[in-house]
Every structure is written in structure tokens, then in C-alpha cells.
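Have a look at this one before I ask anything.
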Amino acid sequence: MKLPIAWLRDYVDISLSSDEIAERLALLGFPVDAIERRPKLSGIVAGRLVKVEKHPNADRLSICTVGVAAGKPLTIVTAATNVAEGQTVPVATIGAKLVNLDIAPRAMRGVDSEGMLVSADEIGLEGAWFEDGILQLEPTVPPGTDFVKAYRLDDDVLDVEVTSNRVDAMSVVGLARELAAALGSVVRGPDTEVALTQGASQATTPDTSVTLESADCRRFVAQRFSNLTVRPSPFSMRLRLALAGQRPIDNLVDISNFVMLEIGQPLHFYDFDKLAERRLVVRDARPGEKMTTLDGEERTLDPSFLVIADGERAQCIAGLRGARDSEVSASTRELLLEAASFSGPRIRRMSLALGVRTDASTRHEKTLPLALGSLGASRAAHLLQREGATVAMPFAVGAPIEPPAPIRVSAQDAHRLLGMLVTGDEIQLALTGLGFSLERDGETFVATPPEWRNDLRIREDVIEEIGRVAGYDRIASAIPPVFDQAVSSAAYDGERRIARALAGVGYREAVTFALQPASVRETYERAGIPLPGEVVEVTNPLSEDQRYLRFSLLPALLGLVRRYEGDMPYRGFEIGHIFFGAPDPLETAAVAWVCAIRKVPDEPAWRDDGFLAFKSDSLAFARMLAGTDAVTVATRHGEFHPGKTASLSIHDEDVATIGAIDPRLLAAYGIQSAAYAGVMRLADLPAYRVPRFAERSKYPPVERDLALVVAPEIAAMDIESAVRAGADGVVASVRVFDEYRGPQVEAGKKSIAVRILLQRRDATLTDAEADGYIAAISASLQERCGAVLRS
Amino acid sequence: MRAFEFPDVEEDEIGRLGDDLSALGERFEAALASVDDGDALDALRLTFLGRNGEITALRRSIGTLPAAERPEAGKTINEAVARLEAQLERASSALTNRELAAQLDVAIDVTFPAPPARTGSIHPLRRTLEDACDYFQRRGFAVVLGDEIETEYYNFDALNIPADHPAREGFDTFYLANGKLLRPHTSPTQIRTMQQHPPPIAIVNPGKAYRRDAVDARHSYMFSQIEGLLVAPGIHLGHLKGMLTGLCRELFGPNQAVRFRPSFFPFTEPSAEVDTTCPGCGGSGKRGDAGCKTCGGSGWIEIGGSGMVHPDVLRECNYDPERVSGWAFGLGVERIAMVRYDVDDLRVFFENDPAVLAQLA
Ligand SMILES: [Zn+2]
């Protein structure tokens, strides 16, 4: 809310600068979002227009004789048309500084002007909100009064944030009270003195009534005013409203707004003469009940709306909007004031349903303390009486104002929670300043919160008040002891291991958004890529681009591949949650890593060096995770090429799937390069096993290469295991290192080259022994793989 | 017996051997002078000292000497051989030194660009999150993760935010068709952990959260939080200030201070916003002559919210507020990362430009 410091000073004496006030408020829990600096003005005084004459040489100019103090009146020429004799107006004298304007003597059409009469723009106010012409001051202001000082025009305006629990502080008085408590000074209450109508019985108001038919109106204070004259408010009120961001309208509307901003209690004024049966009922709206609101819109209501109706129809949607029927206007002579407290949740629901949010509803939806209603009504009564109204006795229906329940708190309690020492005297000072009433017994207090607070229920609430006023800066830092506990960090540690391992093999981590447009799913569907399950939808997205939760990490990574394809090769990964399934979506923590490289030109279809390079990255990654080498086995995965997909298996468990991205998906994403990806569920992350040391054989190995012809479906893995089976315990390593298909090999076959390292652990292998093992290996290859040795 | 076959060798035979050796020595030196590489040196060695070299020939001639003179002759030859070998050794090491000196005598342009190393990196947001978690793990905190789809109970009710509480509005939550929601804060994980583990409990729970905020330079509908929770007997706000001060020093530097400002959260009482010294200006509010853009001139940056866990929340988790007390805090990872990396538009973190990721790695 906007807090004009000029207004604040009505209630508390402060000698701090704007920045210091802002700092102080922030440390009380009311951060200041912005400080609106007011223009620096000087040389302006109040002046009385003694005489106003037409300029002899200019139709549109007037020559004013202006009394500014004892001594010679000033002659000032003005083009304003709203000047008349007897008015009190601000006068910028020679040398005055206004907004973008310094006043110097000048002749206007032959008449020397000794200054300027001031309008709103020239002192930094919104021109459209004030007189079309010269500002009109209260006639009671003595001529010569320093205008800037009297109206505190050089005080800045603070934009203060008030937390939702402190509706009482959404007001000038509330914030003044906070500052006073913190500064140890006294807060002045707003003037509520009023002379009630004589004669008529003050205990009742016989010619009207308010009936509560819904418990969602907790309390309703009503008061009648008569003999009203609708006119502009005094300048001091208009100024305060304008600084607070509220446009001045007329004295009735202004008083209603003024009280809300000052006390925090929104008011509603009904033109009493327009109320059918001259009574009010608070009730649920009838189905289909219509009401035209102040903004001219006809609203169709239903029973979810709480309304204030007269004898016939709804005249106000509670806390939100009044009806045009009973709106106060220039002809209003009698009014009925409403100062109510409604159920905050109900008002909030209505506000959402209606799509209307006002300064009043933001207060009402926090459930106003009951005490504020009476305070607001009496303040309005004072102000209306100042405007000449006759004031009737207020009356209230609904719950009585009950004092909040007392709360026991001690200095030790405060110390135990805040970790700072606070003395009993400090507690007394802080709580008294905030309006608590206290019973003290040494360092222990029974504290009764002020009736305007509805956020203080338990001891901890009161301790916070003590800490706030004493200052959280007094809390001393301490390091807590380490506690023995059983909570595991395994999932986090797993993510951390994965991220570090992938970074270790050269992949860069990405973080992408989890909400996606429908086009992602549609792209998969068009490309014939199966979805893992029903795509999960957010029911209240901000935009269509963010309607669906990601069902896979790959679309975003493929988006990055396409976007950064120029920076070949692209290696990236993401760890995140994916979602699919209905009606209860399955949420899976997963990781995906992607590598995109330039396609190898003229590479035969049965060969894919890019896949192998990616596989070696993936094996290195898996090795870091598990401390064991992974085994690859052909498998299928929806997003991968059906013939270029493998599972990574560790300790006989499939932990991840790697493969070439399905070319249809690449085409759909417009990716030119060859792209590969691995996917893993974090739940499948293998445990790291510390590798065991195996001593190297001291005896030299014998290396033999074999060339084999086999059927194309025979995998390298089959050949390697056949080799090992043929000479168990002697094969130190076996590696298929070449594959060939083509005219050099008989049709329907492929040629394979395999390098075998034979080594004994106990003796040097002789050539004859090696020949024997190779023969056995060849036999095993023949038997298990149908392999024929090429000469 | 061979000694007796040559009984009458003349004395001047020895003298002739000496002459031959000195002539050989002169020839050797002359040849050595023109040697300028290892191969020529090896050739020279073979010519004089090789199996079929000149010295071998001279040795053979000893056989023609009288037996009595042969030892003397052999010694003479051995001495000559030692001289030659010493000279060869000197020449060889001179040659080696010359070659090494020649190697030293070149300079490359060390500023010539190197081919890029293949490096990966973790994301700056994860780095920031891990740095924070590391700090807490070193002090006995466990790190707990949780699901992003949550129920209203864990997200709101258990945290003392009943339906229609005005604070719910501030969360701007995304909902799913089954009535569940995308968690707008990571606090549900704290409730779940407390409900599974009796006190004492010391955890940090980082993770992603979602709120209905349009993405701009300072906002994102998806963001990361790090929350912390410590509940045990005798825990107070001073312990929170101590831990957060340590954390800020870990994240931003050794001179960081932490300031609490009172605030309101339904799940903590008392509650406080957490500010730390602005690392952009060291708390002065100024950078050079201009105001500090990081903190808007205040010298402080807000990094999150905190407070003492509300007794209602403790009770909801079957913790006895008369026996234990505790604090909780929540920090915004993006905000911290923006300050650490001096990034003023958080979208940078979600663009994942490899060049930027490399720069921030
Ligand atoms: Zn700064």
C-alpha cells in the first residue's frame, strides 16, 4: 500500500528520513518496495484573492490582487478561469521553485505579475484529479502560511508491503503504531469525537434496521447521517488521498476511502432514501438475482454470493461492489453507513468468481477484526460531521467485540525460541507499544492482544512481536550440534554421482522447462513414436505453451541439439522428473544424455561408428557409476532406432538404454546430424562396488588374430563368449575389431576379425600350446557361432 | 707352448709397435675431428676399435713378438685403447650435448590456440545447489528429495495453510485433473520426512517447484529451492542465523553477514525473511559512482524465508512442541545463482547455450 509520510505524521512524530523510515519498517516486517520521491518545492504560500479583475489587454487573463500576509498584496496575472474573490489559493512567489519551473517576475500583456497561482501539476500532483485550474485551499488557512510546510508537501510516499496476516496494518494508523512502538514514541489515535443528534433517542434508530441472515457476516455496524451536502473535500484530505493513489471524488466518497486507508476498515455508503423499506438484510443472493454495479455492469448472481439487500433487491455484493441504485450521488441527503466484517474466505471466493478485486476486498478477504468496524464508523462520523452532517447513533448487529484471549509468555520463552536475551522491561515496552494490555509477574507476562489484531493466538505469536520490536539484529549466531538421525541422502547422492559422471565423460548439463505445448506429443504421434503413457495436463496453465508435463527428457534435449547444431558435436544431459499416466500420473526421476555428431559420409548401413563412439561414452559413464564394466545387449526403446538400441547391463540388471535417435524423430525435429541418446531411471542407478585388485600375469601373452565368416545375426558378444568358452582361463582378452559385409564375402554372410590375447598365469605359453588353444577356440566358434575360419 | 715358437724377437719390434700406435692415434684424432654425428662416431669406433678394426690387427701382431715382450706390448695396446675410448666417450657426450642444446635452441609460440579439450560440466544451478547441500551435509544434515506432484494435504493443510487461507493465493499453484498439484514449494518433503522420522531431524531438501508466474528476467514458473529443517531439543533462531551465515560465506565469500527481517509464513512462527550482504557491492550499495544494480542500492539481497516451525506443523507430524523446537528455511536457487554468476536475467540458466554453460562451468 502507498503510505504518504505526510499522512503518517498525523499520528506519530518522526524525525527520520524517508530511507530511515523505510529501513525501520522493513526491520519490523513491512518491506518498502519503492520510495516515491516528492518534488522539492519552495516559495509557495497561501494567498487570499482580494480582488479579481479582467485583464484590460487580454480576454483570457485575470489580474488578481492576492493577500499573502501583512503588508502589500501581490498582483498576479493568471489564465485560470476558476478564480474568484475570497478564495484561498497557493501562490508561488518570486523565486519559488515548482516542478520544472522557477518563478521570476514577468510582464503579461503589459501588467507585471509578481508570482503565479498554483495548480496541481505544478506541485507534482495528478492534474486530472484536482481542480481544472488553481487549487482551492481551506478558507481557514491564514494568508502567508508556508504551503509546503503546512501540507508537508516535501514528504515522500512509501510503497509498503503488508503481509496477509496483518490486515490491521494495511492502514496509515496501523503502520504509525508499528513505527511508534519501534521508536519508543507515542501514537496518536485518529479523532473520532462527534456530537450526536440531540432529541431523538440515541439508543435506537427506529426508522431503519439491519438483519443478518448469513453467518458469513460476522458483525455489521450501521449508522445514519442526514443533512448532507455533497461537495469537494478539503484540500488536505484530497491531498492525502491523491498521495495514497486514490482519486478524490467528493466529500462522501472521499471520506469512505479516507477511513479505509487510514483505519483499514472499508466502508460502504448507501443513499438512504433509495433503500426500499429503508432497511438492510445481509443474505445469500437468490439464484439468478441481478444487480447493476457502480461500474454500470449488470451482474447475475447466485447463492454463492453474499449480498446486502434492501427490502427488495441486492444493493451491494458484500465487500466487493455497490449497486448503482443506492449509490451516493450529488443529490444524496441522507446516508446509511456500513462498516462490516465478513468471512474472509467467502469474500475471496466471491472476488475470484466475480473477477473483481478492490482495495476494500483485499482487506475483507483477510477477515477484518471486529473492532475495526466501530472504529471506522466513528471516524467516518467525525469526518462527516465536519462536513456538516447530522449524526445518528450507530448500532451494530452480529457478534460482539470480544477481547482476544490472554497469552502467557516469559522472557525465558522468548530466549528459548529467538536465541536472544530480552529483559522483562523490554518485553513490557514492546508489547505496550503495540497495544497489548499486560499483567506482569517478574519476567512472566499475561499479555492480552489489542482488539484490532486477529493474528495473535499463541505464545509464539507474542514472541515474534517481542523479537520484531526488540530487533532481530540482536539474535546471535550459533552453530547447532550434530544430531544422530536415520534420514538417508541416497537419492540426492545418486543424482550427484550421475551428474558428475556425465560431466566427466564430456557432457554438459541442461535444465529445461517441464511444461510443454501439445505440439511435443503431436510430433511424437505424427512420427509414429509411441508415448510412454497418457500425457499429463495442467488444468490451469498460464499459456498453451505450458499445458502439458514432459513425458520424456528427450524432446527438450533434441530441441537443444537443433538449436546448437552449429556447435558440433553437441553433448548434453538433463536430470529431471518425467510424468505420464492417468488418472494418477506416474512421476519418474530420470536422466537422459544426448550426443549429436556429424554423419559419417558413405557409411554402410550395417555400420554406425557414431553409435560406437556414443556407446563408449556411455560405458565410461556406467563404469564410473558402478565400478564395473557394463554389458550391452540389443533391445528396443520407443524413441530409438529399432536396430540401433542396446541396454546397458550391470551385475545382470538392465540399468539404462542407449541408442540412435529414431530417424523419424530426428526428421520431425529438423536435425541434420546423427544423434544418440541414453536414458536411465534414477531408481535403476546401480550401486557403486569397489573394484577388486587382480594381479597381472608375469608371463608374456601371445596375440593371435582370427578372421571368421559368420551369419550376419551373430553378434560380437556371441563371438567373444565363444572365444572365452573355447579356452577358459587362458583368454586374457578378446576383442572383435573389424566387420565386413560385401563382395569379398559369400552372400548372406559377414566377415569378422577378432584379436585374442592368450596368457597363462603360471608359466610362459609356448607356441605349440597357443596353437592348441586356438584350435579349441576355433572349434568353439564353429560350434557356437557357425563360424568358418578364413585362411 | 706357442711362446717358444717365436724365441728371437728383436727389441725394436716393441718400438715399432709404439710408432704404429702413435700413427694410429694421429689418424684417429684427425678422423675424430671431422665427426659431427652419432653415426660417423659409430663408424669411427668400428674402424679403430671394432672386431675387424685397426687395433685388433695390432693385437694380432703381438703374436709375432717374443714371449717376454708380449705382456708389455699388450699393455701398451690396452693403454692406447683406453685413450681412444676416452676420446670417443668425450666426443660422444659432446655430440649428445650439442644435440640437446640444439633441441633447447627452438621456441614455439605457446600462445598458439590449443585444440579444445573435451569437457563436460554440471549446470550452474546444480553447482549452486550442491555447494549449499555440501555445506549442510558436512554439518550432519541429510539431503532429501521429493516428488513434484503433491497433494493439497502435504502442500498446504499440513503446513498450516487450510483451504481459503489467504496465503494459498500467494502460491499461485498449478493443478492437475486428479486434484493433485505441482508443488509450489519444496516444503511437502519436510512434512513427509518428519512424518517418517521422529526427532531429532536435520535435513535439507532441494528440488524444483512451480508457480503460475510468467517467465521473465526475474521470474520463472519453474524454479529451484533449497529448504532446510532442523528440529531437536533446544533449537532456536540463533542456530539458523549461524548456519545461514556459514552458508552465505560458503556461497558468496568470507565477509558475508546475514540479516533477519520479520515476516509472515503460516508454517513458521516467528518468521523471518533472510537477507545477506550484497556480494555485488560488498554491502555499500554502490558500484563505482553508480548504485549497485544487484541490490538496488540497499546493500542487502533477499535470499529466502525462514522461521521457527509452527507448533501446529510440529503437532501435525507427531512432534511435541513442548519437547522439541526447530527452524526451517527456504532459499531460491536461481536468485543465488544470479548473484553468484552476476547474471541479471535468469532465462540465461534455461537457455542452456553450450558456450554459456562452458563459461559458467
Ligand atoms: Zn549491491
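The values are calculated or read from the model by the stated rules, or taken from the named source; none is laboratory data. Because the structure is predicted, anything quoted here is derived from the model rather than measured. Because the Cβ atoms are built from the backbone with ideal geometry, glycine has one as well, and the counts that use them run over all protein chains shown. Heavy atoms of the whole protein, side chains included, go into the accessibility calculation; ligands, DNA and RNA do not. Shrake-Rupley method; radii C 1.70, N 1.55, O 1.52, S 1.80 Å.
Among the residues that make up the range A:35-45, is at least one of them within 14 Å of chain B (Cβ to nearest Cβ) and open to solvent by less than 30 Å² (accessible area, probe 1.4 Å)?
Within the range A:35-45, none of the residues are within 14 Å of chain B (Cβ to nearest Cβ) and open to solvent by less than 30 Å² (accessible area, probe 1.4 Å).
Are there any pairs, at least 6 apart or on different chains, whose C-beta atoms fall under 9 Å, with the first in the range B:333-344 and free of Cβ contacts under 8 Å to residues at least 24 places away in the same chain and the second among the basic types (Lys, Arg), and if so, which?
B:Met338/B:Arg218
Quick check on the range B:206-223: of everything there that is hydrophobic (A, V, I, L, M, F, W, C) and surrounded by fewer than 19 Cβ atoms within 10 Å (Cβ to Cβ), which residue is nearest to A:Thr512 (Cα to Cα)?
B:Val215
Under 7 Å between Cβ atoms, at least 6 apart or on separate chains: pull out the pairs that start in the range B:345-361 with a residue that is more than 10 Å from chain A (Cβ to nearest Cβ) and more than 18 Å from A:Leu557 (Cβ to Cβ) and end on any residue that is open to solvent by 40 Å² or more (accessible area, probe 1.4 Å) and among the basic types (Lys, Arg).
B:Leu346/B:Arg218
Scan the range B:249-294 residue by residue and report those that are free of Cβ contacts under 8 Å to residues at least 12 places away in the same chain and closer than 20 Å to B:Arg218 by Cα.
Residue satisfying the conditions is B:Gly291 alone.
Failed condition for A:Asp602, given (1) more than 25 Å from A:Gly494 (Cα to Cα); (2) out of contact with any helix residue (DSSP H, G or I) (no Cβ under 7 Å at 6 or more places or on another chain); (3) within 11 Å of chain B (Cβ to nearest Cβ), with all others met?
That leaves (3) as the condition not met.
Another one. Tell me, please, whether a residue that is among the aliphatic types (A, V, I, L, M) and within 14 Å of chain B (Cβ to nearest Cβ) can be found in the range A:326-347.
Yes, because at least one residue in the range A:326-347 is among the aliphatic types (A, V, I, L, M) and within 14 Å of chain B (Cβ to nearest Cβ).
Could you check the range A:715-772 and list, in sequence order, the residues that are in a strand (DSSP E or B), of a type in the set (Val, Ile, Thr) and within 21 Å of A:Pro700 (Cα to Cα)?
A:Val731, A:Val734, A:Val754, A:Ile756
For the range B:123-144, enumerate the residues that are facing chain A (nearest Cβ under 7 Å), in a loop (DSSP other than H, G, I, E, B) and crowded, with 22+ Cβ neighbours inside 10 Å.
Of everything in the range B:123-144, those that are facing chain A (nearest Cβ under 7 Å), in a loop (DSSP other than H, G, I, E, B) and crowded, with 22+ Cβ neighbours inside 10 Å turn out to be B:His123, B:Val144.
Given the residues B:Thr111, B:Thr119, which is the only one that is outside the structural domain of B:Arg59 (by TED's automatic domain parsing), surrounded by fewer than 16 Cβ atoms within 10 Å (Cβ to Cβ) and touching a residue at least 12 places away in the same chain (Cβ under 8 Å)? Explain how you work it out, then say what you get.
Working: B:Thr111 fails: touching a residue at least 12 places away in the same chain (Cβ under 8 Å).
B:Thr119 is the lone residue from the list that is outside the structural domain of B:Arg59 (by TED's automatic domain parsing), surrounded by fewer than 16 Cβ atoms within 10 Å (Cβ to Cβ) and touching a residue at least 12 places away in the same chain (Cβ under 8 Å).
Restricting the range A:468-508 to residues that are at pLDDT below 95 and among the acidic types (Asp, Glu), which is most open to solvent (accessible area, probe 1.4 Å)?
So the residue we want is A:Asp484.
Ok, one more. Name the single residue that is surrounded by the fewest Cβ atoms within 10 Å (Cβ to Cβ) among those in the range A:431-448 being over 31 Å from the mean Cα position of the chain (by Cα) and in a loop (DSSP other than H, G, I, E, B).
A:Gly442
Moving on to the next point. Going through A:Asp455, A:Asp493, A:Asp461 one at a time, which residue ends up being outside any helix (DSSP H, G or I) and within 10 Å of chain B (Cβ to nearest Cβ)?
Result: A:Asp455 is the single residue among A:Asp455, A:Asp493, A:Asp461 that is outside any helix (DSSP H, G or I) and within 10 Å of chain B (Cβ to nearest Cβ).
Quick grid of which residues meet (1) under 23 Å from A:Leu370 (Cβ atoms); (2) open to solvent by 20 Å² or more (accessible area, probe 1.4 Å):
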residue: A:Phe272; (1), (2): no, no
residue: A:Arg286; (1), (2): no, yes
residue: A:Glu297; (1), (2): no, yes
residue: A:Asp302; (1), (2): no, yes
residue: A:Leu320; (1), (2): yes, no
residue: A:Phe342; (1), (2): yes, no
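Condition check ((1) facing another protein chain (nearest Cβ under 8 Å); (2) open to solvent by 50 Å² or more (accessible area, probe 1.4 Å)) across all residues:
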residue: A:Pro532; (1), (2): no, yes
residue: A:Glu537; (1), (2): yes, yes
residue: A:Arg550; (1), (2): no, no
residue: A:Ala556; (1), (2): no, no
residue: A:Leu560; (1), (2): yes, no
residue: A:Gly566; (1), (2): no, yes
residue: A:His577; (1), (2): yes, no
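Exactly one condition in (1) open to solvent by 20 Å² or more (accessible area, probe 1.4 Å); (2) modelled with pLDDT of 95 or more; (3) in a loop (DSSP other than H, G, I, E, B); (4) more than 7 Å from every other protein chain (Cβ to nearest Cβ) is not met by B:Asp147; state its number.
Just one mismatch for B:Asp147, condition (4).
Can you tell me how many residues in the range A:117-135 are part of a loop (DSSP other than H, G, I, E, B) and over 14 Å from A:Ala242 (Cβ atoms)?
Total satisfying the criteria: 4.
Only one residue in B:Gly246, B:Gly297, B:Gly307 is free of Cβ contacts under 8 Å to residues at least 24 places away in the same chain and within 11 Å of chain A (Cβ to nearest Cβ), so which one is that?
The conditions single out B:Gly297.
Give the residue, chosen from B:Ala202, B:Ala257, B:Ala217, that is among the aliphatic types (A, V, I, L, M) and within 16 Å of the ligand (Cβ to nearest atom). Let's see the steps before the verdict.
Values: B:Ala202 fails: within 16 Å of the ligand (Cβ to nearest atom); B:Ala217 fails: within 16 Å of the ligand (Cβ to nearest atom).
Just a single option satisfies the conditions, and that option is B:Ala257.
With the requirement that a residue be open to solvent by 60 Å² or more (accessible area, probe 1.4 Å) and either in a helix (DSSP H, G or I) or in contact (Cβ under 8 Å) with a residue 40 or more places away in the chain (or both), what does the range A:592-608 give you?
A:Arg598, A:Lys599, A:Val600, A:Trp606, A:Arg607
Can you name the condition, by its number, that B:Arg249 falls short on among (1) outside any strand (DSSP E or B); (2) away from the ligand (no atom under 16 Å from the Cβ); (3) more than 18 Å from A:Ala478 (Cα to Cα); (4) open to solvent by 10 Å² or more (accessible area, probe 1.4 Å)?
Tallying (1) outside any strand (DSSP E or B); (2) away from the ligand (no atom under 16 Å from the Cβ); (3) more than 18 Å from A:Ala478 (Cα to Cα); (4) open to solvent by 10 Å² or more (accessible area, probe 1.4 Å), B:Arg249 fails exactly one: (3).
Among the listed residues B:Ile235, B:Ile226, identify the single one that is assigned to a strand (DSSP E or B), surrounded by 22 or more Cβ atoms within 10 Å (Cβ to Cβ) and among the aliphatic types (A, V, I, L, M). Write out each step before concluding.
On the way: B:Ile235 fails: assigned to a strand (DSSP E or B).
Only one candidate passes the filter, namely B:Ile226.
Anything in the range A:613-669 that is open to solvent by 30 Å² or more (accessible area, probe 1.4 Å) and among the aliphatic types (A, V, I, L, M)? List them, or say none.
Those that are open to solvent by 30 Å² or more (accessible area, probe 1.4 Å) and among the aliphatic types (A, V, I, L, M): A:Ala613, A:Leu619, A:Ala620, A:Met624, A:Val631, A:Val633, A:Ala634, A:Ala667, A:Ala668.
I'd like the full set of residues that are among the acidic types (Asp, Glu), in contact with a Pro (Cβ under 8 Å, 6 or more places away or on another chain) and in contact (Cβ under 8 Å) with a residue 24 or more places away in the chain, limited to the range A:225-282.
A:Asp250, A:Glu262, listed by residue number.
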